[in-house]
1. Work out the length of the dipole vector of the range 1-108 about its Cα centre, built from +1 on the beta-carbon of each Lys and Arg and -1 on the beta-carbon of each Asp and Glu, and round it to the nearest 20 debye.
2. State, to one decimal in nm², a quarter of the convex hull surface area for the C-alpha atoms of the range 83-374, i.e. the direction-averaged projected area.
3. Kindly provide the trypsin sites (Lys or Arg not before Pro) of the range 364-426 that DSSP labels as loop, not H, G, I, E or B, and whose Cβ sees at most 15 other Cβ atoms within 10 Å.
4. Using the Cα centre as the reference, give the magnitude of the dipole from point charges on the C-beta atoms of the range 290-426 (Lys, Arg: +1; Asp, Glu: -1; all else neutral), rounded to the nearest 20 debye.
5. To the nearest 20 debye, what charge dipole does the chain have about its Cα centre, counting +1 at the Cβ of each Lys and Arg and -1 at the Cβ of each Asp and Glu?
6. Using the per-residue mean of other Cβ atoms lying within 10 Å as a proxy for protection, in what order, highest first, do the peptides 179-186, 303-310, 404-411 fall?
7. Check cross-link reach from LYS388 to the lysines: straight Cα distance under 22 Å, and skip same-chain residues fewer than eight apart.
8. Within a Cβ distance under 15 Å of ASP396, other residues only, what is the Lys/Arg minus Asp/Glu net charge?
Amino acid sequence: MGNLILKNARQLVTCAGAAPRRGLDLGTVQVIEDGALIVQGGIIDMVGTTEAIEDKLAHGHWYEDPEEFTTIDASGQVVVPGFVDPHTHACFTGYRHDEVELRLGGRKYLDILAAGGGILSTVQKVRDCEEGALADETYRRLLLMLSLGTTTVEVKSGYGLDMESELKILRAIAKAAEMAREQLTVVPTFMGAHAVPRELKSEPGEYVERLCREMIPRVAESGLARYCDVFCEEEVFGPVQARRILKTAQEHGLGAKIHADEIGECGALDVALELGAASADHLLVTGEAGIRKLADSETCAVLLPGTAFCLRSGRYAAGRRMVDQGCAVALATDCNPGSCFTESMPLVMAMACFGMGLTPAEALNAATINAAHAIGLADQLGSLEEGKAGDLVLLDSPDYRHLVYHFGINQVGMVVKKGEIVYVRD
């Protein structure tokens, strides 16, 4: 954990305020021109203008050993909170580029899955992969995320679909997180309910029994996961099954998340709200009634515009409507080898604006403070304010809105994690 003085930022965008941000508040970001901040012991100690902070330092507000502080001159740069990616499947091996052509030819996602492709093809590759190799590959993916400004990321299991393979994935996530401990915060999620494994295709009920009686208790006992997630669709795990799985997880101390309303409205959102899930994710086909119920809840709406884009769904989630109705909206990459292979939160922000009608300010809050709320960390990170982690990104841009306006390039010049410089673009 580092000590840092950053000064002279063209813009310092704090995203400060109570989490989660909703409605008009989601579109409000505090922009400090000629901004500065001080991080001590990894935690932000002061935020303000360069003049104000230099004045405090000149009049006795100093520290025991000033030589231990790294000074960054951010002249001409924009400083924003480190991006938080609250929904990824980043622990995998092997690729599924052949599915791109299938989808372009008109094949549907669930049709590919039913034929043994999709998630199930990745499952076989991951089952065959040695744990250390899987951890190394995941770590490399985390470093790529870091280079694009992500400092906190949720990573799911779900490409094992049996006890030992799921535990192997969770251990690989833990090993990758340990390798990246100075660079990123990693939040692990158990998603054994990602699909029914091929060997139990004709007995989905038996797999649900194994999840509830054996796998969830073992995962909880291992301490390798904070959350449990379920892919809730009639063709995968219906709402009755999803409710049972998530209630079992909660009884064993895991938080609840759910893939909801991605393909059809089958009652998944109602399950999320009934159980007080931390987030309901995708929400591609959620209608007006569901949006109103979501707005009245504490459950975060995690939207994944990159997935809608890659699956050529013909529509995006009703992000604009959700914001206007008061939902707590967050953004995520859904990084995975099949339906959305990207590690870039800035790209997702651009898609949220151009595809769903969010403003750049709303997208930035959704990718930082609200995303942190979706994984239970908003009290620790996600904004640049006193008492929170010194996680920040320096952008080689004239304005924070260029994250959306000038899309498709990497504007990240430097990344700081808990006051330590952990990435500098060559």
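Just so you know, all these numbers are worked out from the coordinates, no wet-lab data involved. All figures in this text were calculated on a predicted structure; none of them were measured in a lab. With ideal geometry, Cβ positions are generated from the backbone for all residues, glycine too; neighbour counts draw on all protein chains shown.
1. 920
2. For the Cα atoms of the range 83-374, the hull's average projected area reads 13.1 nm².
3. ARG425
4. It comes to approximately 540 debye.
5. Its charge dipole is roughly 960 debye.
6. Listed from highest to lowest mean packing, they are 303-310, 179-186, 404-411.
7. Of all the lysines, those that pass the test against LYS388 - Cα under 22 Å, at least 8 places apart if same chain - are LYS7, LYS56, LYS417, LYS418.
8. Here the charged neighbours net out to 0.
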